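Engineer: Submitted below is the structure of interest, expressed as structure tokens.
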Amino acid sequence: MKGRENREAKVSAEVIKKTVALARLEFSPSELDHYVEKASRVLEYVATLGELATETLEPTSHALEIVNAFRSDEVRPTPQAKAILEMAPARDKDLFEVPRVIEET
Amino acid sequence: MEVTDLTVAQLSEKLVKRELSSEEITRQFLNRIERLNPKLGAYITVCPDVALEMAKTADLRMAKGDRVGPLTGVPIALKDIFITKGVLTTCASNILKNYVPPFDGTHSLRLKNAGAVLLGKLNMDEFAMGSSNEFSAFGTVKNPWAVGHVPGGSSGGSACAVAASLCIASLGTDTGGSIRYPASHCGIVGMKPTYGRVTRYGMVAFASSLDQAGPMTKTVRDCAILLNTIAGFDPNDSTSLNLPVPNYTGFLGKKVCGLKLGLPKEYFVEGVNPEVSKAVIEASKVYESLGAKLVHVTLPHTRYAVPTYYIIAPAEASANLARYDGIRYGHRSKQKDLVSLYRKSRTEGFGPEVTLRIILGTFVLSSGYYDAYYLRAQKVRTLIKNDFLQAFEKCDALLAPVAPEPAFKLGERIDDPIKMYLSDIFTIPVNLAGLPALALPCGFSGERRGHPPLPIGMQLIGRPLSEGTLFQIGYAYEQETKWHLKRPSL
């Protein structure tokens with residue numbers, strides 16, 4: 001049983017490391033171990049939901065019924081455009097500037 | 001009584017009668033904040049120039065005899081999750097430490113239009129993720145009743161500020177208990193409205209199917225006044241309910257004789273602090289003396305609420321916080337390639353609890369794990385919601401503790417996420433079910449070596465859109481007791 005637990009814990013750590021990359025985060029090895037440990041503990045706790053038979057239940061995404069909300073397709077001005085651009089960490093006139101994303105050929 | 005101890009209703013009367021001016025009282029609050037905020041940490045940003053300008057405008061309107069409302073000239077403060085044009089809005093996060101919104105959210109706008117005076121922005125757990133206000137990038141908030149104890153979270157700054165008379169009233173947000181829990185720990189009133197009753201436009205998103213804004217005040221009447229102002233349809237929020245808003249103050253003073261109050265057995269189990277159980281049971285006897293009937297009910301899936309929440313809320317948070325990428329606003333780390341820019345900006349900007357929840361949320365939504373975690377949690381959410389629907393067949397509202405114990409000590413749970421998460425065991429089910437709930441003070445724990453008495457709170461939970469009934473029931477108790485009159489000595 002202990003061996004199986006260790007294998008499960010190891011698999012979980014690998015998956016959590018991949019998750020960190022998916023979430024666009026990056027840690028040192030010791031920081032990563034810290035989050036693997038914490039996340040594993042929480043995931044072990046929330047797995048108690050496995051005690052319940054849920055196969056025939058409908059999922060609830062919103063407690064109260066919501067319906068698609070539409071408005072008429074009218075162009076509305078964006079008066080805050082200038083103020084929004086002024087907050088840009090880096091800008092080039094009316095564009096947000098970012099590192100190059102396309103390789104030069 | 002100091003003028004800063006006045007309620008919204010009391011101050012409004014004095015302002016209209018010109019016994020006080022908004023400018024005078026605003027200055028008194030600003031002085032009090034300067035004196036006490038270094039000790040309590042309630043405010044992240046104080047905006048004296050903005051506040052005094054708003055106060056003077058309010059005074060001019062009243063001097064001209066313009067039609068004014070109950071919030072005109074009243075100094076309030078907002079949890080730093082609410083978007084306020086021209087005033088720093090950080091969500092207590094380094095990733096937004098320099099973010100000054102170019103627009104007002106609906107809450108800020110409705111309060112402005114009502115003539116309220118904004119004193120500043122209040123401390124909170126980062127992005128509303130926390131139960132103790134120890135996860136802020138701008139310092140810990142202290143409980144004004146006992147500064148070695150937490151005020152509760154995530155609206156800890158709001159609760160502390162109202163209890164310590166650093167503002168007359170505040171707005172907080174409640175996703176898993178973040179209005180009710182700190183309200184209970186600080187001895188004030190707080191309401192989480194029905195999901196959709198108050199717009200979410202202008203409130204930085206944490207978990208979109210759970211978030212709700214609500215008032216935090218000294219009295220039930222003040223809570224009703226504030227809800228009158230902020231509730232109602234907003235076309236900017238597609239989940240905002242397009243239904244009429246009643247006048248909530250009209251419910252105050254209605255009798256509770258004949259109403260049925262349910263006591264859910266799962267909220268009075270061993271493990272709940274005996275002083276908390278005793279205080280809430282005593283409150284139920286007050287209701288009996290007023291002619292209400294007590295009914296025993298059961299919410300059998302209560303113990304699955306916390307694990308359900310800690311799958312759904314982080315999942316939704318991971319999606320909502322994906323926008324913080326260092327591109328358009330907020331913290332950006334200078335990097336040579338785009339992916340490194342994303343990773344470093346986010347890792348540098350987010351604190352530890354937010355980081356943990358983003359990891360959890362990303363995991364439970366990822367391919368191969370979605371069904372076992374997220375989909376399963378949504379199905380358990382159905383069970384939890386149905387528990388309440390069945391209970392409401394037997395009663396008009398539920399009466400329960402807010403927290404299993406009074407405020408714990410600073411640092412006590414910060415390294416144990418499960419223990420911290422279990423603080424919200426009685427508040428989370430209400431959010432999952434989308435119901436309204438009103439927290440109000442119902443006693444104090446006994447004095448002990450090491451700390452003075454700590455507030456105990458109860459909550460009234462109602463059917464969807466029954467805020468008026470909750471105010472009716474809460475007000476009746478408040479008028480029979482004196483807990484709401486107590487103030488911490490500071």
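Engineer: With the cut-off at 45 Å, report for the protein assembly as shown the share of all Cα pairs above it, as a whole percent.
Structural biologist: Summing the P(r) tail past 45 Å for the protein assembly as shown gives 14 percent.
Engineer: Separate question: If R0 is 45 Å, what FRET efficiency do you get for A:K17 and B:L290 from their C-beta distance, rounded to 0.05?
Structural biologist: 0.15
Engineer: Residue by residue through A:87-100, how many Cβ atoms from other chains fall within 10 Å of the Cβ on average?
Structural biologist: Average neighbour count from other chains, rounded to a whole number: 4.
Engineer: Tell me, what HN-Hα J-couplings in whole Hz come from the Karplus equation 6.51 cos²θ - 1.76 cosθ + 1.60 at θ = phi - 60° for each residue of region B:119-135, using x for Gly and Pro?
Structural biologist: Once rounded to whole Hz, the list reads 7, x, 10, 9, 5, 6, 6, 3, 6, 6, 9, x, 10, 9, 6, 9, 10.
Engineer: Skipping prolines and chain starts, which residues have an amide H placed within reach, meaning under 5 Å, of the one on B:G457, given they are 5 or more residues away or on another chain?
Structural biologist: Those lying under 5 Å, H to H, from B:G457 are B:V402, B:A403, B:C442.
Engineer: Testing the spin-label approximation: label points 7 Å from Cα along Cα→Cβ at A:I66 and A:E86. State their distance in nm.
Structural biologist: Rounded to a tenth, the inter-label distance reads 3.3 nm.
Engineer: Once you've got the GNM for chain A with C-alpha springs shorter than 10 Å, pick whichever of A:K18, A:K38, A:K82 has the biggest mean-square fluctuation.
Structural biologist: A:K82
Engineer: Now a separate question. So what is the 222 nm mean residue ellipticity for the protein assembly as shown from helices alone, if each DSSP H run of at least 4 adds -39500 (n - 2.57) and you divide by all residues, rounding to the nearest 500 deg cm²/dmol?
Structural biologist: After summing the helix terms and dividing by the residues of the protein assembly as shown, the value is -11500 deg cm²/dmol.
Engineer: Another question, then. Output wanted: per-residue J couplings in Hz (rounded whole) for region B:356-366, from phi through Karplus 6.51 cos²θ - 1.76 cosθ + 1.60, θ = phi - 60°, x for Gly and Pro.
Structural biologist: Computed from phi, the couplings for region B:356-366 are 4, 6, 5, 4, 4, x, 5, 4, 6, 9, 7 Hz.
Engineer: Please compute how much accessible surface disappears when B pairs with A, both sides summed, using a 1.4 Å probe, and round it to the nearest 100 Å².
Structural biologist: Chain pair B/A: roughly 5200 Å² of buried accessible area.
Engineer: A further question on this structure: Using only the alpha-carbon atoms, how far is helix A:2-22 inclined from the longest principal axis of chain A? Give it as 0 to 90 degrees, nearest 10.
Structural biologist: Helix A:2-22 sits roughly 0 degrees off the main axis of chain A.
Engineer: Also, quick follow-up: Angle between the Cα long axis of helix A:29-46 and the longest principal axis of chain A, 0 to 90 degrees, nearest 10?
Structural biologist: Helix A:29-46 sits at roughly 70 degrees to that axis.
Engineer: Under a Cβ-only charge scheme (Lys and Arg +1, Asp and Glu -1), can you give me the dipole magnitude of region B:324-391 about the Cα centre, in debye to the nearest 20?
Structural biologist: That gives region B:324-391 a dipole magnitude of about 220 debye.
Engineer: Using θ = phi - 60° and the Karplus curve 6.51 cos²θ - 1.76 cosθ + 1.60, what whole-Hz ³J(HN,Hα) does each residue of region B:386-398 get, with Gly and Pro shown as x?
Structural biologist: Result, ordered by residue: 5, 3, 5, 4, 5, 4, 6, 6, 9, 8, 8, 7, 10 Hz.
Engineer: Further question: Where does the charge balance sit around B:L338 when Lys and Arg score +1, Asp and Glu -1, over other residues with C-beta under 14 Å from its C-beta?
Structural biologist: +4
Engineer: Next question. Could you please state, rounded to a whole Å, how far the C-alpha centre of region B:422-448 is from the C-alpha centre of region A:62-105?
Structural biologist: Going from one Cα centre to the other spans 39 Å.
Engineer: Tell me which residues come under 5 Å, amide H to amide H, from B:S333 once H is placed; ignore anything under 5 positions away on its chain.
Structural biologist: Under 5 Å from the amide H of B:S333: B:S345.
Engineer: Amide H of B:G120 versus every other amide H placed in the peptide plane: which residues, excluding those fewer than 5 positions away on the same chain, fall under 5 Å?
Structural biologist: Answer set, sorted by chain and number: B:C47, B:L78.
Engineer: OK, next. Under the definition of partner shielding as Cβ atoms of other protein chains within 10 Å of a residue Cβ, what is the mean value for peptide A:73-86?
Structural biologist: 2
Engineer: Using C-alpha positions alone, give me the convex hull volume of region B:302-448 per residue in cubic angstrom.
Structural biologist: Taking only Cα atoms, region B:302-448 has a hull volume of 161 Å³ per residue.
Engineer: Taking only pairs that are 8 or more places apart or on different chains, how many Lys pairs in region B:310-428 have Cα atoms under 25 angstrom apart?
Structural biologist: 7
Engineer: Sticking with this structure for a sec: Across peptide B:235-241, what mean number of C-beta atoms from other chains lies inside 10 Å of a residue's C-beta?
Structural biologist: 3
Engineer: Moving on to the next point. Using a 1.4 angstrom probe and counting only protein chains, how large is the accessible area of B:K97 in Å², to 10?
Structural biologist: Number for this one is 100 Å².
Engineer: For a 31 Å ceiling on Cα separation, which of these pairs sit above it: B:K192/B:K265; A:K38/A:K82; A:K82/B:K218; B:K218/B:K285; B:K142/B:K260; B:K218/B:K254?
Structural biologist: A:K38/A:K82; A:K82/B:K218; B:K142/B:K260
Engineer: Taking only Cα atoms of region B:23-83, what ratio of Rg to Rh do you get with Rh as the Kirkwood inverse-distance radius?
Structural biologist: 1.02
Engineer: Right, another one. Report the local net charge at B:F206: Lys and Arg +1, Asp and Glu -1, summed over other residues whose C-beta lies under 15 Å from its C-beta.
Structural biologist: In short, -4.
Engineer: Which net charge results for the neighbourhood of B:K394, defined as the other residues with beta-carbon distances under 13 angstrom from its beta-carbon, given Lys and Arg at +1 and Asp and Glu at -1?
Structural biologist: Counting the neighbours of B:K394, the net charge comes to +1.
Engineer: Next question. For a quick check of understanding: with a 1.4 angstrom probe and all protein chains in place, what accessible area in square angstrom does B:Y475 have, to the nearest ten?
Structural biologist: Rounded to the nearest 10, the figure is 40 Å².
Engineer: Subtracting the Cα-Cα distance from 0.36 nm times the residue separation, let me have the gained length for B:N31 to B:V339 in nm, one decimal.
Structural biologist: So the chain would gain 106.2 nm between B:N31 and B:V339.
The values are calculated or read from the model by the stated rules, or taken from the named source; none is laboratory data. In this text, all values refer to a predicted model and were calculated from it rather than measured experimentally. FYI the Cβ positions are ideal-geometry reconstructions off the backbone, even for glycines, and counts take in every protein chain you see. The accessibility values were calculated without ligands, DNA or RNA, using every heavy atom of the protein model including side chains. Shrake-Rupley method; radii C 1.70, N 1.55, O 1.52, S 1.80 Å.
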